[in-house]
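Beneath this line is the structure, given in C-alpha coordinates, with notes to follow.
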Amino acid sequence: MISRRKILAFTMAVPLAHGSRALTQEAPANVPVPDLPDDQSAALQAALDNAASTGRPLHLAQGTYRTGPLRVPNGTTLTGAAGAVLEAAGSDPVLILDSPEYVRISGLGFRGLDQDPAGGLVEVANCPMFVLEGCTFTGSGGNALTLFRTGGRIHANRFSGCRSAAISSHDATGLAITDNRIEHCDNLGIYIARYDPGPDGTIVRGNRIDNIGWAGGGNGQNGNGINAYRTDGIIIEGNVIGNCAFSAIRLNATRNAIVSSNLCTNLQEVAIFSEFGFSGSVISDNVIDQAAQGIAITNLDTGGRLASCSGNIVRNIWAGSPTNPDTTPVGIAAEADTTVNGNVIDNVPGVGLALGWGPYLRNVSATGNVVRNCTIGIGISVVEGVETTLVANNLVTPAKGGLGLAGMEWDTVTDPGLAASPYPWLTLSGNTVRPAG
(Lines give C-alpha, C1' and ligand atoms only; values in the text may rest on other atoms or scores of the structure.)
Protein backbone atom coordinates (compact mmCIF):
# COMPACT_ATOMS: atom_id res chain seq x y z
CA MET A 1 0.00 0.00 0.00
CA ILE A 2 1.11 3.54 -0.71
CA SER A 3 1.13 5.77 2.35
CA ARG A 4 -0.09 9.34 2.54
CA ARG A 5 3.58 10.41 2.49
CA LYS A 6 4.08 8.65 -0.87
CA ILE A 7 0.96 10.30 -2.32
CA LEU A 8 2.24 13.71 -1.25
CA ALA A 9 5.58 12.88 -2.80
CA PHE A 10 3.89 12.35 -6.17
CA THR A 11 2.98 16.01 -6.36
CA MET A 12 6.45 17.16 -5.30
CA ALA A 13 8.58 15.05 -7.62
CA VAL A 14 7.27 16.64 -10.82
CA PRO A 15 8.18 19.86 -12.61
CA LEU A 16 6.94 22.95 -10.79
CA ALA A 17 4.13 24.79 -12.61
CA HIS A 18 4.53 28.40 -13.67
CA GLY A 19 2.58 30.91 -11.60
CA SER A 20 0.58 30.17 -8.47
CA ARG A 21 -2.07 27.83 -9.89
CA ALA A 22 -2.19 24.66 -7.79
CA LEU A 23 -1.46 21.30 -9.38
CA THR A 24 -4.54 19.22 -8.70
CA GLN A 25 -4.53 16.42 -11.24
CA GLU A 26 -3.31 12.97 -10.26
CA ALA A 27 0.36 12.36 -10.93
CA PRO A 28 1.20 10.14 -13.91
CA ALA A 29 2.34 6.60 -13.33
CA ASN A 30 5.93 7.31 -14.30
CA VAL A 31 6.49 9.91 -11.55
CA PRO A 32 9.48 8.93 -9.35
CA VAL A 33 8.55 7.79 -5.84
CA PRO A 34 11.02 8.08 -2.95
CA ASP A 35 11.92 5.36 -0.46
CA LEU A 36 11.01 2.42 -2.69
CA PRO A 37 13.44 -0.49 -3.22
CA ASP A 38 12.85 -0.34 -6.97
CA ASP A 39 15.12 1.39 -9.46
CA GLN A 40 13.54 4.77 -10.29
CA SER A 41 15.68 5.47 -13.36
CA ALA A 42 12.89 5.41 -15.94
CA ALA A 43 10.57 7.69 -13.97
CA LEU A 44 13.36 10.10 -13.09
CA GLN A 45 14.59 10.27 -16.67
CA ALA A 46 11.09 11.00 -17.91
CA ALA A 47 10.67 13.74 -15.33
CA LEU A 48 14.02 15.30 -16.27
CA ASP A 49 13.21 15.24 -19.99
CA ASN A 50 9.76 16.72 -19.40
CA ALA A 51 11.12 19.48 -17.19
CA ALA A 52 13.80 20.45 -19.69
CA SER A 53 11.41 20.41 -22.66
CA THR A 54 8.92 22.67 -20.89
CA GLY A 55 11.52 24.97 -19.34
CA ARG A 56 10.40 24.22 -15.80
CA PRO A 57 12.52 23.15 -12.79
CA LEU A 58 12.26 19.64 -11.40
CA HIS A 59 11.95 19.46 -7.62
CA LEU A 60 12.37 16.15 -5.78
CA ALA A 61 10.58 15.52 -2.51
CA GLN A 62 12.31 14.30 0.63
CA GLY A 63 13.39 10.67 0.51
CA THR A 64 15.78 8.32 -1.29
CA TYR A 65 15.55 7.58 -5.01
CA ARG A 66 17.52 4.56 -6.23
CA THR A 67 18.65 5.15 -9.77
CA GLY A 68 21.03 4.18 -12.50
CA PRO A 69 22.72 6.76 -14.71
CA LEU A 70 20.43 9.65 -15.66
CA ARG A 71 21.16 11.86 -18.68
CA VAL A 72 20.62 15.48 -17.73
CA PRO A 73 19.35 17.59 -20.65
CA ASN A 74 20.48 21.11 -21.47
CA GLY A 75 18.74 23.80 -19.49
CA THR A 76 17.79 21.56 -16.57
CA THR A 77 17.24 23.02 -13.12
CA LEU A 78 17.13 20.18 -10.60
CA THR A 79 16.45 20.88 -6.94
CA GLY A 80 15.67 18.82 -3.87
CA ALA A 81 13.88 19.23 -0.59
CA ALA A 82 15.94 18.71 2.55
CA GLY A 83 16.70 14.99 2.70
CA ALA A 84 16.17 14.25 -1.00
CA VAL A 85 18.87 11.76 -2.03
CA LEU A 86 19.77 10.15 -5.35
CA GLU A 87 21.36 6.80 -4.52
CA ALA A 88 23.34 4.78 -7.03
CA ALA A 89 21.57 1.53 -7.88
CA GLY A 90 24.81 0.00 -9.17
CA SER A 91 28.33 0.83 -10.26
CA ASP A 92 27.44 3.59 -12.74
CA PRO A 93 27.25 7.34 -12.09
CA VAL A 94 23.99 8.80 -10.85
CA LEU A 95 23.98 11.81 -13.19
CA ILE A 96 25.70 12.27 -16.56
CA LEU A 97 25.86 15.65 -18.27
CA ASP A 98 27.18 15.45 -21.82
CA SER A 99 27.67 18.81 -23.56
CA PRO A 100 24.80 20.86 -22.14
CA GLU A 101 25.21 24.63 -22.25
CA TYR A 102 23.66 25.23 -18.82
CA VAL A 103 22.56 23.02 -15.91
CA ARG A 104 21.83 23.97 -12.30
CA ILE A 105 21.58 21.42 -9.47
CA SER A 106 20.95 22.41 -5.85
CA GLY A 107 19.89 20.97 -2.52
CA LEU A 108 20.25 17.29 -3.41
CA GLY A 109 22.09 14.46 -1.73
CA PHE A 110 24.10 11.90 -3.70
CA ARG A 111 25.02 8.53 -2.25
CA GLY A 112 27.32 6.07 -3.99
CA LEU A 113 28.14 2.38 -3.88
CA ASP A 114 31.13 1.03 -5.79
CA GLN A 115 31.20 2.93 -9.07
CA ASP A 116 34.27 3.03 -11.28
CA PRO A 117 37.10 4.62 -9.27
CA ALA A 118 38.05 6.67 -12.35
CA GLY A 119 34.54 8.06 -12.64
CA GLY A 120 32.25 10.05 -10.39
CA LEU A 121 28.84 9.99 -8.83
CA VAL A 122 28.14 13.01 -11.02
CA GLU A 123 30.01 13.29 -14.34
CA VAL A 124 29.99 16.49 -16.38
CA ALA A 125 31.61 17.04 -19.78
CA ASN A 126 31.74 20.05 -22.09
CA CYS A 127 29.42 22.26 -20.06
CA PRO A 128 30.38 25.96 -20.09
CA MET A 129 28.00 26.82 -17.23
CA PHE A 130 27.44 24.14 -14.60
CA VAL A 131 26.15 25.28 -11.22
CA LEU A 132 26.19 22.86 -8.27
CA GLU A 133 25.32 24.29 -4.88
CA GLY A 134 24.11 23.12 -1.50
CA CYS A 135 24.45 19.42 -2.33
CA THR A 136 25.85 16.54 -0.28
CA PHE A 137 27.99 13.65 -1.58
CA THR A 138 28.70 10.55 0.52
CA GLY A 139 30.14 7.11 -0.06
CA SER A 140 31.57 7.56 -3.53
CA GLY A 141 33.47 4.51 -4.82
CA GLY A 142 35.60 6.81 -7.00
CA ASN A 143 35.38 10.58 -7.35
CA ALA A 144 32.30 12.33 -6.06
CA LEU A 145 32.30 14.88 -8.90
CA THR A 146 34.19 14.46 -12.18
CA LEU A 147 34.40 17.42 -14.58
CA PHE A 148 35.86 17.66 -18.10
CA ARG A 149 36.04 20.90 -20.09
CA THR A 150 33.55 22.46 -17.73
CA GLY A 151 33.05 25.95 -16.33
CA GLY A 152 30.67 27.43 -13.80
CA ARG A 153 30.45 27.24 -10.03
CA ILE A 154 30.78 24.47 -7.43
CA HIS A 155 29.59 26.22 -4.29
CA ALA A 156 28.73 25.37 -0.67
CA ASN A 157 28.54 21.61 -1.12
CA ARG A 158 29.65 18.91 1.30
CA PHE A 159 31.75 15.88 0.31
CA SER A 160 32.75 12.97 2.54
CA GLY A 161 33.75 9.34 2.26
CA CYS A 162 35.17 9.46 -1.30
CA ARG A 163 37.55 6.68 -2.27
CA SER A 164 39.36 8.91 -4.73
CA ALA A 165 38.84 12.72 -4.97
CA ALA A 166 35.92 14.84 -3.90
CA ILE A 167 36.24 17.05 -7.00
CA SER A 168 38.31 16.12 -10.06
CA SER A 169 38.48 18.61 -12.94
CA HIS A 170 40.33 18.31 -16.24
CA ASP A 171 40.72 21.11 -18.81
CA ALA A 172 38.39 23.52 -17.01
CA THR A 173 36.89 26.48 -18.86
CA GLY A 174 36.36 29.11 -16.16
CA LEU A 175 35.52 27.16 -13.01
CA ALA A 176 35.05 28.47 -9.47
CA ILE A 177 35.19 26.02 -6.54
CA THR A 178 34.11 27.96 -3.48
CA ASP A 179 33.03 27.46 0.13
CA ASN A 180 32.76 23.67 -0.01
CA ARG A 181 33.43 21.30 2.88
CA ILE A 182 35.52 18.24 2.02
CA GLU A 183 36.52 15.56 4.53
CA HIS A 184 37.56 11.94 4.89
CA CYS A 185 38.59 11.28 1.29
CA ASP A 186 40.94 8.38 0.62
CA ASN A 187 43.28 10.11 -1.85
CA LEU A 188 42.57 13.73 -2.80
CA GLY A 189 40.39 16.65 -1.88
CA ILE A 190 40.35 18.84 -5.01
CA TYR A 191 42.26 17.84 -8.15
CA ILE A 192 42.64 20.42 -10.94
CA ALA A 193 44.54 19.15 -13.97
CA ARG A 194 45.00 19.43 -17.70
CA TYR A 195 45.89 16.73 -20.17
CA ASP A 196 48.18 19.25 -21.87
CA PRO A 197 49.53 22.41 -20.23
CA GLY A 198 47.46 25.48 -20.96
CA PRO A 199 45.11 28.19 -19.69
CA ASP A 200 42.80 27.00 -16.95
CA GLY A 201 41.94 29.90 -14.65
CA THR A 202 40.20 27.84 -11.99
CA ILE A 203 39.55 29.69 -8.72
CA VAL A 204 39.63 27.59 -5.54
CA ARG A 205 38.53 29.78 -2.65
CA GLY A 206 37.17 29.49 0.87
CA ASN A 207 36.97 25.70 1.06
CA ARG A 208 37.44 23.65 4.23
CA ILE A 209 39.37 20.45 3.61
CA ASP A 210 40.21 17.91 6.31
CA ASN A 211 41.45 14.31 6.62
CA ILE A 212 42.76 13.43 3.18
CA GLY A 213 44.35 10.00 2.98
CA TRP A 214 46.94 8.27 0.85
CA ALA A 215 45.29 4.95 -0.05
CA GLY A 216 46.62 5.04 -3.62
CA GLY A 217 50.24 5.34 -2.46
CA GLY A 218 52.96 7.11 -4.43
CA ASN A 219 55.25 9.96 -3.44
CA GLY A 220 52.90 12.91 -3.83
CA GLN A 221 50.27 11.98 -6.41
CA ASN A 222 47.87 11.30 -3.56
CA GLY A 223 47.32 12.64 -0.07
CA ASN A 224 46.86 16.31 -1.01
CA GLY A 225 44.11 18.72 -0.04
CA ILE A 226 44.39 20.67 -3.30
CA ASN A 227 46.49 19.39 -6.20
CA ALA A 228 47.05 21.39 -9.41
CA TYR A 229 48.77 19.77 -12.40
CA ARG A 230 49.75 21.48 -15.66
CA THR A 231 47.34 24.36 -15.07
CA ASP A 232 47.96 27.97 -16.09
CA GLY A 233 46.49 30.79 -14.05
CA ILE A 234 45.00 28.93 -11.10
CA ILE A 235 44.14 30.90 -7.94
CA ILE A 236 44.06 29.10 -4.57
CA GLU A 237 43.18 31.41 -1.72
CA GLY A 238 41.51 31.58 1.66
CA ASN A 239 41.16 27.83 2.18
CA VAL A 240 41.42 26.03 5.53
CA ILE A 241 43.24 22.72 5.05
CA GLY A 242 44.36 20.20 7.65
CA ASN A 243 45.30 16.60 8.34
CA CYS A 244 46.52 15.55 4.90
CA ALA A 245 48.83 12.60 4.30
CA PHE A 246 51.00 14.73 2.01
CA SER A 247 50.44 18.41 1.12
CA ALA A 248 47.79 20.99 1.81
CA ILE A 249 48.48 22.53 -1.62
CA ARG A 250 50.62 20.97 -4.34
CA LEU A 251 51.52 22.72 -7.60
CA ASN A 252 53.02 20.40 -10.20
CA ALA A 253 54.18 21.85 -13.55
CA THR A 254 51.86 24.85 -13.13
CA ARG A 255 52.30 28.30 -14.64
CA ASN A 256 51.31 31.61 -13.05
CA ALA A 257 49.70 30.08 -9.97
CA ILE A 258 48.67 32.19 -6.99
CA VAL A 259 48.53 30.58 -3.53
CA SER A 260 47.49 33.13 -0.96
CA SER A 261 46.03 33.47 2.56
CA ASN A 262 45.49 29.78 3.20
CA LEU A 263 45.59 28.20 6.68
CA CYS A 264 47.42 24.86 6.55
CA THR A 265 47.84 22.60 9.60
CA ASN A 266 49.07 19.10 10.37
CA LEU A 267 50.50 18.09 6.99
CA GLN A 268 52.54 14.92 6.85
CA GLU A 269 54.84 16.03 4.03
CA VAL A 270 55.45 19.49 2.48
CA ALA A 271 52.59 21.84 3.37
CA ILE A 272 52.80 24.00 0.21
CA PHE A 273 54.79 22.53 -2.66
CA SER A 274 55.68 24.12 -6.02
CA GLU A 275 57.52 21.41 -7.90
CA PHE A 276 58.81 20.08 -11.21
CA GLY A 277 58.45 22.26 -14.32
CA PHE A 278 56.53 25.09 -12.68
CA SER A 279 56.93 28.72 -13.68
CA GLY A 280 55.60 31.84 -11.99
CA SER A 281 54.32 30.75 -8.57
CA VAL A 282 53.20 33.40 -6.08
CA ILE A 283 53.03 32.00 -2.53
CA SER A 284 52.03 34.70 -0.09
CA ASP A 285 50.49 35.37 3.32
CA ASN A 286 49.81 31.74 4.18
CA VAL A 287 49.98 30.29 7.70
CA ILE A 288 51.52 26.84 8.17
CA ASP A 289 51.52 25.23 11.60
CA GLN A 290 52.79 21.66 12.05
CA ALA A 291 54.11 19.93 8.96
CA ALA A 292 57.04 17.77 7.91
CA GLN A 293 58.21 20.70 5.77
CA GLY A 294 56.77 24.17 5.31
CA ILE A 295 57.12 25.59 1.78
CA ALA A 296 59.21 24.04 -1.00
CA ILE A 297 59.90 25.82 -4.30
CA THR A 298 62.13 23.31 -6.01
CA ASN A 299 63.19 21.21 -9.00
CA LEU A 300 65.44 23.53 -10.96
CA ASP A 301 66.79 20.25 -12.35
CA THR A 302 63.50 19.77 -14.24
CA GLY A 303 62.91 23.43 -15.11
CA GLY A 304 61.17 24.63 -11.94
CA ARG A 305 61.79 28.38 -11.64
CA LEU A 306 60.40 31.87 -11.10
CA ALA A 307 58.54 32.43 -7.84
CA SER A 308 57.72 34.94 -5.15
CA CYS A 309 57.43 33.73 -1.55
CA SER A 310 56.43 36.50 0.86
CA GLY A 311 54.60 37.23 4.08
CA ASN A 312 54.15 33.61 5.13
CA ILE A 313 54.27 32.27 8.68
CA VAL A 314 55.80 28.80 9.00
CA ARG A 315 56.03 27.25 12.45
CA ASN A 316 56.40 23.95 14.30
CA ILE A 317 58.01 21.77 11.67
CA TRP A 318 58.43 18.11 12.59
CA ALA A 319 61.67 16.13 12.65
CA GLY A 320 60.44 13.75 9.94
CA SER A 321 57.57 12.75 7.67
CA PRO A 322 55.26 9.82 8.49
CA THR A 323 54.61 9.24 4.76
CA ASN A 324 57.81 10.22 2.91
CA PRO A 325 61.13 9.29 4.56
CA ASP A 326 63.03 11.49 2.07
CA THR A 327 61.51 14.66 3.55
CA THR A 328 63.89 16.63 5.75
CA PRO A 329 62.78 19.32 8.24
CA VAL A 330 62.89 22.69 6.48
CA GLY A 331 60.84 25.85 6.98
CA ILE A 332 61.10 27.35 3.48
CA ALA A 333 63.22 26.07 0.58
CA ALA A 334 63.91 27.85 -2.73
CA GLU A 335 66.16 27.16 -5.70
CA ALA A 336 65.84 29.37 -8.79
CA ASP A 337 64.82 32.86 -9.89
CA THR A 338 62.94 33.40 -6.65
CA THR A 339 62.50 36.13 -4.08
CA VAL A 340 61.93 35.05 -0.45
CA ASN A 341 60.91 38.14 1.43
CA GLY A 342 59.30 39.08 4.73
CA ASN A 343 58.50 35.58 5.98
CA VAL A 344 58.52 34.45 9.61
CA ILE A 345 59.90 30.97 10.37
CA ASP A 346 59.79 29.54 13.88
CA ASN A 347 60.77 26.22 15.43
CA VAL A 348 62.39 23.97 12.85
CA PRO A 349 64.61 21.05 13.94
CA GLY A 350 66.62 21.56 10.78
CA VAL A 351 67.13 24.44 8.33
CA GLY A 352 64.78 27.37 8.74
CA LEU A 353 65.46 28.92 5.31
CA ALA A 354 67.19 26.63 2.81
CA LEU A 355 68.59 28.28 -0.32
CA GLY A 356 69.52 25.75 -2.98
CA TRP A 357 70.15 22.03 -3.01
CA GLY A 358 73.54 20.88 -4.26
CA PRO A 359 74.28 22.73 -7.54
CA TYR A 360 70.68 23.88 -7.88
CA LEU A 361 70.80 27.49 -6.74
CA ARG A 362 70.40 30.46 -9.09
CA ASN A 363 69.22 34.05 -8.74
CA VAL A 364 67.64 33.77 -5.30
CA SER A 365 67.08 36.84 -3.13
CA ALA A 366 66.32 36.26 0.56
CA THR A 367 65.64 39.53 2.37
CA GLY A 368 63.86 40.76 5.47
CA ASN A 369 62.96 37.36 6.88
CA VAL A 370 62.71 36.55 10.59
CA VAL A 371 64.07 33.10 11.41
CA ARG A 372 64.15 31.83 14.97
CA ASN A 373 64.55 28.65 16.98
CA CYS A 374 65.94 26.59 14.09
CA THR A 375 68.93 24.25 14.17
CA ILE A 376 70.33 26.18 11.18
CA GLY A 377 68.81 29.59 10.60
CA ILE A 378 69.71 30.07 6.92
CA GLY A 379 71.47 27.31 4.99
CA ILE A 380 73.04 28.31 1.66
CA SER A 381 74.28 25.77 -0.87
CA VAL A 382 77.96 26.32 -1.67
CA VAL A 383 78.39 23.46 -4.13
CA GLU A 384 80.31 24.28 -7.30
CA GLY A 385 77.97 25.47 -10.04
CA VAL A 386 75.56 27.59 -8.02
CA GLU A 387 74.88 31.13 -9.22
CA THR A 388 74.10 34.64 -7.98
CA THR A 389 72.44 34.77 -4.56
CA LEU A 390 71.60 37.66 -2.24
CA VAL A 391 70.99 37.19 1.50
CA ALA A 392 70.36 40.52 3.18
CA ASN A 393 68.74 42.16 6.20
CA ASN A 394 67.46 38.97 7.77
CA LEU A 395 67.09 38.57 11.53
CA VAL A 396 68.17 35.14 12.72
CA THR A 397 67.94 33.74 16.25
CA PRO A 398 68.94 30.09 16.05
CA ALA A 399 68.00 27.38 18.50
CA LYS A 400 70.31 26.89 21.45
CA GLY A 401 73.58 25.49 20.12
CA GLY A 402 72.45 26.09 16.54
CA LEU A 403 73.94 28.04 13.65
CA GLY A 404 72.87 31.38 12.21
CA LEU A 405 74.06 31.28 8.59
CA ALA A 406 75.83 28.21 7.21
CA GLY A 407 77.30 27.07 3.91
CA MET A 408 76.04 23.62 2.95
CA GLU A 409 76.79 20.85 0.50
CA TRP A 410 73.45 19.14 0.16
CA ASP A 411 72.50 18.35 3.76
CA THR A 412 76.02 18.64 5.21
CA VAL A 413 77.31 21.85 6.81
CA THR A 414 80.72 22.72 5.35
CA ASP A 415 80.98 26.37 6.41
CA PRO A 416 79.43 26.84 9.88
CA GLY A 417 80.68 30.41 10.34
CA LEU A 418 79.28 32.06 7.24
CA ALA A 419 79.23 35.70 8.32
CA ALA A 420 81.07 37.36 5.43
CA SER A 421 80.93 35.85 1.96
CA PRO A 422 84.04 34.12 0.60
CA TYR A 423 82.16 33.35 -2.63
CA PRO A 424 81.98 35.76 -5.60
CA TRP A 425 78.43 34.74 -6.46
CA LEU A 426 77.09 35.26 -2.90
CA THR A 427 76.25 38.65 -1.40
CA LEU A 428 75.71 38.81 2.38
CA SER A 429 74.61 42.15 3.75
CA GLY A 430 73.01 43.49 6.91
CA ASN A 431 72.03 40.15 8.42
CA THR A 432 71.68 40.05 12.18
CA VAL A 433 72.37 36.83 14.06
CA ARG A 434 71.52 36.84 17.74
CA PRO A 435 72.30 33.99 20.12
CA ALA A 436 69.37 32.08 21.53
CA GLY A 437 68.07 33.62 24.73
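Within segment 241-257, track down each residue that is without any contact (Cβ under 8 Å) to a residue 40 or more places away in the chain, in a strand (DSSP E or B) and over 23 Å from PRO199 (Cα atoms).
GLY242, ASN243
Hey, can you tell me all the residues within segment 71-83 that are in contact with a Ser or Thr (Cβ under 8 Å, 6 or more places away or on another chain) and either surrounded by 22 or more Cβ atoms within 10 Å (Cβ to Cβ) or aromatic (Phe, Trp, Tyr) (or both)?
LEU78, GLY80
Any chance segment 373-388 includes a residue that's of a type in the set (S, T, N, Q), modelled with pLDDT of 95 or more and not in a strand (DSSP E or B)? Before you say what the answer is, go through the steps one by one.
Step one: of segment 373-388, the residues of a type in the set (S, T, N, Q) are 373, 375, 381, 388.
Pick out the ones that are also modelled with pLDDT of 95 or more and you get 373, 375, 381, 388.
Filter again for not in a strand (DSSP E or B), leaving 388.
Scanning segment 373-388 turns up at least one residue that is of a type in the set (S, T, N, Q), modelled with pLDDT of 95 or more and not in a strand (DSSP E or B).
For segment 43-56, does any single residue satisfy the condition of being surrounded by fewer than 22 Cβ atoms within 10 Å (Cβ to Cβ), in a strand (DSSP E or B) and among the aliphatic types (A, V, I, L, M)?
No: zero hits.
Tell me, which residue of segment 89-106 that is small (Gly, Ala, Ser) and modelled with pLDDT of 95 or more is farthest from CYS127 (Cα to Cα)?
SER106
Mind checking which residues of segment 301-339 are at negative phi, part of a strand (DSSP E or B) and not β-branched (Val, Ile, Thr)?
Hits for segment 301-339 are ARG305, ALA307, SER308, CYS309, SER310, ARG315, GLY331, ALA333, ALA334, ALA336.
THR173 fails exactly one of the following numbered conditions: (1) within 21 Å of ARG104 (Cα to Cα); (2) free of Cβ contacts under 8 Å to residues at least 40 places away in the same chain. What is the number of that condition?
(2)
Just need a number here: residues in segment 249-267 that are of a type in the set (S, T, N, Q) and either touching a His at 6+ places or on another chain (Cβ under 7 Å) or over 14 Å from TYR229 (Cα atoms) (or both).
Within segment 249-267, residues that are of a type in the set (S, T, N, Q) and either touching a His at 6+ places or on another chain (Cβ under 7 Å) or over 14 Å from TYR229 (Cα atoms) (or both) number 5.
Considering every residue within segment 309-327, establish whether at least one is of a type in the set (S, T, N, Q), in contact with a strand residue (DSSP E or B) (Cβ under 6 Å, 6 or more places away or on another chain), touching a residue at least 60 places away in the same chain (Cβ under 8 Å) and within 25 Å of ILE376 (Cα to Cα).
Yes; the residues of segment 309-327 include at least one that is of a type in the set (S, T, N, Q), in contact with a strand residue (DSSP E or B) (Cβ under 6 Å, 6 or more places away or on another chain), touching a residue at least 60 places away in the same chain (Cβ under 8 Å) and within 25 Å of ILE376 (Cα to Cα).
Which pairs have Cβ atoms under 7 Å, sit 6 or more apart or on different chains, and link a residue in segment 223-240 that is closer than 9 Å to GLY189 by Cβ to one that is aromatic (Phe, Trp, Tyr) and modelled with pLDDT of 95 or more?
Once the first residue is closer than 9 Å to GLY189 by Cβ and sits in segment 223-240, its partners that are aromatic (Phe, Trp, Tyr) and modelled with pLDDT of 95 or more give ASN224/PHE246; ASN227/TYR191.
Assess whether ASP196 counts as being in contact with a strand residue (DSSP E or B) (Cβ under 8 Å, 6 or more places away or on another chain) and surrounded by fewer than 17 Cβ atoms within 10 Å (Cβ to Cβ).
On the way: in contact with a strand residue (DSSP E or B) (Cβ under 8 Å, 6 or more places away or on another chain): yes; surrounded by fewer than 17 Cβ atoms within 10 Å (Cβ to Cβ): yes.
So ASP196 passes the test.
Could you list all residues from segment 235-263 that are polar (S, T, N, Q), more than 12 Å from the chain's Cα centre (by Cα) and either more than 22 Å from ALA307 (Cβ to Cβ) or surrounded by 24 or more Cβ atoms within 10 Å (Cβ to Cβ) (or both)?
Scanning segment 235-263 gives ASN243, THR254.
Can ASP232 be described as in contact with a strand residue (DSSP E or B) (Cβ under 6 Å, 6 or more places away or on another chain) and surrounded by fewer than 21 Cβ atoms within 10 Å (Cβ to Cβ)?
Judged against the criteria, ASP232 is a match.
Determine which member of the set ASN286, ASN266 is on the phi < 0 side of the Ramachandran plot and either surrounded by fewer than 21 Cβ atoms within 10 Å (Cβ to Cβ) or touching a strand residue (DSSP E or B) at 6+ places or on another chain (Cβ under 7 Å) (or both).
ASN286
Look through segment 145-170, keep the residues that are modelled with pLDDT under 95 and of a type outside the set (Gly, Ala, Ser), and return whichever of them is farthest from ARG111 (Cα to Cα).
Checked segment 145-170; the qualifying residue farthest from ARG111 (Cα to Cα) is ARG163.
The values are calculated or read from the model by the stated rules, or taken from the named source; none is laboratory data. On a predicted model such as this, the values are computed, not experimentally measured, just so you know. All Cβ positions, glycine included, derive from the backbone under ideal geometry; neighbour counts span all protein chains shown.
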